[in-house]
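Read the structure below first, then the notes.
Computed from the coordinates by the stated procedures, all read-outs in this text should not be read as laboratory data. No experiment lies behind these values; they were computed from the predicted model shown. Cβ placement follows ideal geometry from the backbone for every residue including glycine, while neighbour counts extend to all protein chains displayed.
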Amino acid sequence: MVNKGLLIVLSGFSGAGKGTVVKRMMELHNEYALSISATTRSPREGEVDGREYFFKSVDEFKQMIAKNELIEYAQYVSNYYGTPKAYVEKQLEEGRNVILEIEIQGALKIKEMFPDTVLMFIIPPTAKELENRLRGRGTEDDAAIKARLKRAVEESLGVESYDYIITNDEVDLCVERIHDIVTAEKCKASNNIEIINNIREELNIFSEGE
Ligand code: 5GP
């Protein structure tokens with residue numbers, strides 16, 4: 001029997017470098033799977049449908065909701081984002097740790113539905129660094145950057161609901177911290193009840209023989 005994977009939510013202010021961290025995680029460890037969200041936001045330059053996101057019209061997105069194809073969805077700034085259900089369920093069943101790179105409203109819904117989910121919040125070393133990264137990315141205009149910074153202020157108020165805060169000062173270090181936490185979480189007694197029960201059953205059999 002394959003042990004079920006762990007569900008991991010990675011949130012963080014826009015520009016905190018989540019995307020880079022997740023990409024590096026996939027390169028270094030093959031027991032992780034990244035859920036690809038559906039969104040009504042337009043693709044940024046270089047983004048490919050089915051790789052960064054499944055890009056949908058508002059009507060298509062609403063249909064996904066109606067057909068119960070999303071585990072959760074939320075509005076962020078002025079677009080919809082949601083997590084497709086089928087992929088996440090399959091990967092967990094196959095024993096992979098599934099990373100959801102989603103914002104706080106979605107994170108809280110997931111934690112409510114699946115209490116074993118580990119919620120991690122990635123922060124930049126400083127606020128100035130965050131602003132620099134957003135501006136340096138050059139993909140949003142000034143109004144959109146301000147809206148994202150404002151949203152970051154709001155999100156900082158919800159951070160206490162998370163299990164871990166991780167500073168992204170250096171990508172590989174950040175990946176290592178996340179992986180260490182996941183390893184520890186997987187060792188938790190509450191995540192290993194079934195294994196202990198199986199061992200106990202076998203021990204009973206052994207101890208009864210002869
Ligand atoms: P971006 O437009 O920068 O790619 O993403 C904006 C925000 O939406 C980020 O905080 C990202 O984590 C979040 N997000 C991406 N996919 C999902 C999703 O499926 N559900 C929710 N709730 N948030 C998402």
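Explain nothing, just compute: Karplus ³J(HN,Hα) = 6.51 cos²θ - 1.76 cosθ + 1.60, θ = phi - 60°, for every residue of the range 88-105 in order, whole Hz, x for Gly and Pro.
For the range 88-105, the Karplus curve yields 4, 4, 5, 5, 4, 4, 7, x, 8, 7, 9, 9, 10, 9, 9, 8, 5, 4 Hz.
So for the range 1-46, taking the charge dipole from beta-carbon charges (+1 Lys/Arg, -1 Asp/Glu), which of 3, 30, 17 sits furthest toward the positive end?
17
Mind giving me the FRET efficiency for residue 151 and residue 3? R0 is 35 Å, r the Cβ-Cβ distance, nearest 0.05 is fine.
For residue 151 and residue 3, the calculated efficiency is 0.45.
GNM on the chain, C-alpha springs below 10 Å: top fluctuator among 75, 91, 63?
Checking each option, the largest mean-square fluctuation is seen for 63.
What is the calculated FRET efficiency for residue 30 to residue 113, with r their C-beta to C-beta distance and R₀ = 25 Å, to the nearest 0.05?
0.40
Given the Cα-Cα distance of residue 85 and residue 65 and 0.36 nm per residue of separation, how much length would full extension add, in nm?
6.1 nm
Using just the alpha carbons, could you tell me how many Å³ per residue the convex hull of the range 140-191 encloses?
Cα convex hull per residue, to the nearest whole number: 108 Å³.
So which lysines pass the test for residue 90, namely a Cα distance under 27 Å, with those fewer than 8 places away in the same chain ruled out?
Filter leaves 4, 18, 23, 56, 62, 67, 109, 111, 186, 188.
So what's the projected area for the range 123-168, the Cα convex hull averaged over all directions, in nm²?
Spelled out: convex hull of the Cα atoms, projected over all directions, averaged, 3.4 nm².
Two-decimal Rg/Rh of the range 79-169 from alpha-carbon positions, Kirkwood Rh?
Ratio value, two decimals: 1.01.
Let me check I have the definition right: for the range 56-210, take the eigenvalues of the Cα gyration tensor, multiply each by 5, take square roots. What are those semi-axes in whole Å, largest first?
Equivalent-ellipsoid dimensions as semi-axes: 38, 22, 12 Å.
For the range 28-75, just the Cα set please: Rg and Dmax, both in angstrom.
Reported Rg and Dmax, both Å: 12.4, 38.
Quick check: Cα centre of the range 143-202 to Cα centre of the range 104-129, how many Å?
7 Å
Along Cα→Cβ, 7 Å out, is where each label goes; now give me the distance between the ones at residue 169 and residue 198 in nm to one decimal.
4.1 nm
Taking a cut-off of 23 Å, what percent of all Cα-Cα pairs in the range 35-124 are separated by more than that?
Distances greater than 23 Å cover 22 percent of the Cα pairs.
How much length would be gained if the chain were fully extended between residue 49 and residue 93, taking 0.36 nm per residue of separation minus their Cα-Cα distance, in nm to one decimal?
Stretched fully, the residue 49-residue 93 segment lengthens by 13.3 nm.
Per-residue ellipticity at 222 nm for the chain, helices alone: DSSP H runs ≥ 4 residues times -39500 (n - 2.57), over residue total, nearest 500 deg cm²/dmol?
Counting only the DSSP helices, I get -14500 deg cm²/dmol.
Would you mind listing how long the range 63-103 runs along its three principal axes, going by Cα atoms, in whole Å with the largest first?
Per principal axis, max minus min of the Cα coordinates gives 35, 22, 8 Å.
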